Amino acid sequence: MVNTDEAAKLAGTTRVTINAWIAKGRAIGLTQTRRGFRLPRWQFEPALWDAIPKLGAALATTDGWALLGFLESPLGSLNGRTPRQAIEQGKLARVLELAGAEGT
């Protein structure tokens, strides 16, 4: 996990932009008891970076905890893999199909 300043460095942008991306569902930001967000570092990898907004739309949520929970939960329909693993293995379309079914 990284904070918004570290995420900004990874993405080559500013903390303000990261916060805007979190608000719009472009990035997964997990609320903390203190001020600020924590963000999964892996979401800045190319395969996942492009998938995050599509996944949020399919699940009909921008909530970071909901997105993280979906991405990190093994699914029988993915042969026990997590959606994140499936996306990393090039199965974004299948993950979006499953997310769409869950988001309805």
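Summary of computed values
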{"quantity": "Neighbour net charge for L98 - beta-carbon separation under 13 angstrom, K R +1, D E -1", "calculated": "+3"}
{"quantity": "Cα Rg over Rh - the chain, Kirkwood", "calculated": "0.97"}
{"quantity": "Sparse-neighbour loop sites [trypsin sites (Lys or Arg not before Pro); the range 21-72; at most 14 other C-beta within 10 Å; DSSP]", "calculated": "R34, R35"}
{"quantity": "Cut-off 10 Å between beta-carbons: net charge of the residues surrounding R15, Lys and Arg +1, Asp and Glu -1", "calculated": "-1"}
{"quantity": "Length-normalised contact order for the chain - Cα pairs under 8 Å, 6+ apart - percent", "calculated": "23 percent"}
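Every number in this text was worked out from the coordinates using simple rules, so none of it is lab data. As the structure is a computational prediction, the values presented were derived from the model and not from experiment. Backbone-built Cβ (ideal geometry, glycine too); neighbour counts: all protein chains shown.
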